[in-house]
Amino acid sequence: MKAVKRLPAIVLCALIARADWPQWRGPTADGISQEQGVPTEWGADRNIAWKIPLSGVGTSTPIVWGDRVFLTSQIGDGPFEQGAVDFYGAGVQKQMGRRSKVQFVVDAFSRLTGKTLWEYKFDAEGELPYVHAKHNLASPSCVTDGELVYAWMGTGQIVALDMNGKLVWKRHLGLEFGPFEILWGHGSSPLLYKESLILLCDHQGKAYILSLDKKSGKQKWMVDRGAGRRAYSTPFVIPRKNGDEMVINSSERIDVLDPATGAMRWSIGESNQVAVPSPVYHDGMLYTSRGYMSGPYMAIKLSGKPEVKWEVQTGAPYVSSLLYYDGLIYMATEMGIVSCIDAADGKTLWRERFGGVFSASPIAAGGRVYLINEDGEAWVLQAGRERKILSRNRLGERTLASPAISQGQIFVRTDEHLLCIGMRPSKP
């Protein structure tokens, strides 16, 4: 195995032999792949290595480890929030049909062929929470360290499976600590940190953050965060000389905690009641938006006393996270507007309406930026201060989940299928 230095936001392992995508937003939790030669052109029947139907629906991101792709789904419909406002005419999630019970699914697919290697199903237990019509209880992405795969659902149920799909341990936080009561449903994905699995449960009824032993599922620590909080974002960890820091975008503010104990380090920012996006980190700076429609975005300097270096009060995405790439910030909103921002001062370099609704977060690789809207229409941009569109690609299927990059291919989850974009890989 080839040794690599510790990456800014990854805490899964010290050695990485392949270009895996092991968690939400990739190996460094910022949507960036270090790979070259990633495809720039594709279509519904062009440059597709394989395309397979899914047994359920969800908005979780596919993750990739070695020769396997993992994905979570829900079979059967739970209750939906009837009064939820959709974005500018975007359609709601595909309905699976009422069933006597709702089931959750964790699938492992062959990266080579797309063939299902194994499928683990388990029933939703307890009273099902209401969710927004755009998603369901299978919104959190799973995470893996190459030994176990962890899948967390919007009921509070979590399973740890080995790489062959055998159950190692399971828990139900909704039954243990109280129902998952959060407007529009739970969205935060699990975080692996050293020997711990960290779960953010900022919910209106009971807000807490929980650390479990990743091998056994036993509780290591739990911090009560009070009532009335809401967070749909996924935490991530920044290695720091004076101790690692875990960043959480939550409704009251941005909180920074000690990932080893859950103790509060510092906080910054004003309240925002729908904290969906996850921040990103680069070279001593934290870049983040706060969520909700056309909310604020900012840069926070971490050296010395943390402080806001610059802030723009409006224009950020509601759902999708920012992308920092080579000194620039890219963002795509629910109104179909794509912007490029100078990360040094927050000034807009260009802004244009691409069209559609963007829920998926941007990703980048090889000097290119990838954006995909809910209609399955994707733009590939040349990274830089000038707007340069390299290609515009159409899948023709509804796409809410963020894509993943691994071993020169792009993995996209639609309502109907999991697709692998790029040349079919050679057998090892």
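The values are calculated or read from the model by the stated rules, or taken from the named source; none is laboratory data. All values derive from a computational prediction rather than experimental measurement. Ideal geometry is used to build each Cβ from the backbone, glycine not excepted, and the neighbour counts take in all protein chains shown.
Report every pair of residues separated by at least 6 positions or lying on different chains whose Cβ atoms are under 6 Å apart, first residue within the stretch 268-285 and within 12 Å of residue 298 (Cβ to Cβ) and free of Cβ contacts under 8 Å to residues at least 60 places away in the same chain, second charged (D, E, K, R) and not in a strand (DSSP E or B).
Within 6 Å, the pairs are 269/253; 272/290.
Report yes if some residue within the stretch 268-283 is farther than 18 Å from residue 24 by Cα and not in a loop (DSSP other than H, G, I, E, B); otherwise report no.
Scanning the stretch 268-283, I find at least one residue that is farther than 18 Å from residue 24 by Cα and not in a loop (DSSP other than H, G, I, E, B), so the answer is yes.
Starting from residues that are in contact with a His (Cβ under 9 Å, 6 or more places away or on another chain) and at pLDDT 95 or above, keep the ones in the stretch 26-58 and report whichever is surrounded by the fewest Cβ atoms within 10 Å (Cβ to Cβ).
53
Per-residue answers, yes or no, for (1) crowded, with 18+ Cβ neighbours inside 10 Å; (2) under 22 Å from residue 310 (Cα atoms); (3) basic (Lys, Arg):
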| residue | (1), (2), (3) |
| --- | --- |
| 242 | no, no, no |
| 256 | yes, yes, no |
| 266 | no, yes, no |
| 275 | yes, yes, no |
| 293 | no, yes, no |
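What about residue 255, is it assigned to a strand (DSSP E or B), over 22 Å from residue 142 (Cβ atoms), within 23 Å of the chain's Cα centre (by Cα) and not small (Gly, Ala, Ser)? First the steps, then the outcome.
Working: assigned to a strand (DSSP E or B): yes; over 22 Å from residue 142 (Cβ atoms): yes; within 23 Å of the chain's Cα centre (by Cα): yes; not small (Gly, Ala, Ser): yes.
Yes.
With the requirement that a residue be modelled with pLDDT of 95 or more and among the polar types (S, T, N, Q), what does the stretch 189-209 give you?
189, 196
Search the stretch 298-312 for residues that are over 16 Å from residue 247 (Cα atoms) and at pLDDT 95 or above and pair each with any residue that is of a type in the set (Asp, Glu) and not in a strand (DSSP E or B) when their beta-carbon atoms are under 7 Å apart and the residues are at least 6 apart or on different chains.
What qualifies is 310/345.
Looking only at the stretch 127-164, which residues are of a type outside the set (Ser, Thr, Tyr) and under 15 Å from residue 103 (Cβ atoms)? I'd like the intermediate steps shown before the answer.
Within the stretch 127-164, the subset of a type outside the set (Ser, Thr, Tyr) is 127-129, 131-138, 140, 142-143, 145-149, 151-154, 156-164.
Those that are of a type outside the set (Ser, Thr, Tyr) and under 15 Å from residue 103 (Cβ atoms): 128, 136, 137, 138, 151, 153, 154, 157, 159.
Show the residue pairs meeting these rules: Cβ distance below 7 Å; 6+ apart or different chains; first residue within the stretch 406-428 and at positive phi; second residue at pLDDT below 95 and of a type in the set (Lys, Arg).
407/18
Only one of (1) free of Cβ contacts under 8 Å to residues at least 40 places away in the same chain; (2) surrounded by fewer than 24 Cβ atoms within 10 Å (Cβ to Cβ); (3) in contact with a Phe, Trp or Tyr (Cβ under 6 Å, 6 or more places away or on another chain) is not met by residue 316, so which one is it?
(2) is the only condition that residue 316 fails.
When you go through 391, 406 one by one, which is the residue that is within 16 Å of the chain's Cα centre (by Cα), polar (S, T, N, Q), farther than 16 Å from residue 135 by Cα and at pLDDT 95 or above? If you could, list the steps in order and put the result at the bottom.
Values: 391 fails: within 16 Å of the chain's Cα centre (by Cα).
Just a single option satisfies the conditions, and that option is 406.
If we only count strands (runs of 3 or more DSSP E) wholly inside the stretch 107-201, which ones have 2 or more residues that are in contact with a helix residue (DSSP H, G or I) (Cβ under 8 Å, 6 or more places away or on another chain)? It would help to see each step written out before you state the result.
Details: elements: 116-123, 148-152, 157-162, 167-172, 191-193, 196-201.
Qualifying strands (runs of 3 or more DSSP E): 157-162, 196-201.
Just checking, does the stretch 316-323 include any residue being over 15 Å from residue 361 (Cβ atoms) and either small (Gly, Ala, Ser) or in contact with a strand residue (DSSP E or B) (Cβ under 6 Å, 6 or more places away or on another chain) (or both)? Give the steps one after another, and end with the answer.
From the stretch 316-323, those over 15 Å from residue 361 (Cβ atoms) are none; that's our starting set.
The answer is no; no qualifying residue exists.
What tally of residues in the stretch 143-166 results from selecting those that are in contact (Cβ under 8 Å) with a residue 24 or more places away in the chain and acidic (Asp, Glu)? Quick ask: steps written out before the conclusion?
So the first thing to find is which residues in the stretch 143-166 are in contact (Cβ under 8 Å) with a residue 24 or more places away in the chain, and the list is 143-146, 148-161, 163-165.
With acidic (Asp, Glu) added as a condition, the list becomes 145.
The total comes to 1.
Just checking, which of 419, 349 is surrounded by fewer than 23 Cβ atoms within 10 Å (Cβ to Cβ), at pLDDT 95 or above, in a strand (DSSP E or B) and not polar (S, T, N, Q)? Steps first, please.
On the way: 419 fails: surrounded by fewer than 23 Cβ atoms within 10 Å (Cβ to Cβ).
None of the others qualify; the one that does is 349.
Going by what's in this entry, would residue 133 be described as closer than 24 Å to residue 320 by Cα and in contact (Cβ under 8 Å) with a residue 60 or more places away in the chain?
Working: closer than 24 Å to residue 320 by Cα: yes; in contact (Cβ under 8 Å) with a residue 60 or more places away in the chain: no.
Spelling it out, it is not the case that residue 133 is closer than 24 Å to residue 320 by Cα and in contact (Cβ under 8 Å) with a residue 60 or more places away in the chain.
Pick out the one residue from 406, 391 that is under 22 Å from residue 45 (Cα atoms), surrounded by fewer than 20 Cβ atoms within 10 Å (Cβ to Cβ) and among the polar types (S, T, N, Q). Walk me through it before giving the result.
Values: 406 fails: surrounded by fewer than 20 Cβ atoms within 10 Å (Cβ to Cβ).
Just a single option satisfies the conditions, and that option is 391.
Name the single residue that is surrounded by the fewest Cβ atoms within 10 Å (Cβ to Cβ) among those in the stretch 202-239 being in a strand (DSSP E or B) and among the β-branched types (Val, Ile, Thr). Show your work before the answer.
Here is the first cut: in the stretch 202-239, the residues in a strand (DSSP E or B) are 207-213, 219-226, 236-238.
Keeping just the survivors that are among the β-branched types (Val, Ile, Thr) gives 209, 223, 237-238.
On the way: 209: 25, 223: 15, 237: 23, 238: 19.
Of everything passing the filter in the stretch 202-239, 223 is surrounded by the fewest Cβ atoms within 10 Å (Cβ to Cβ).
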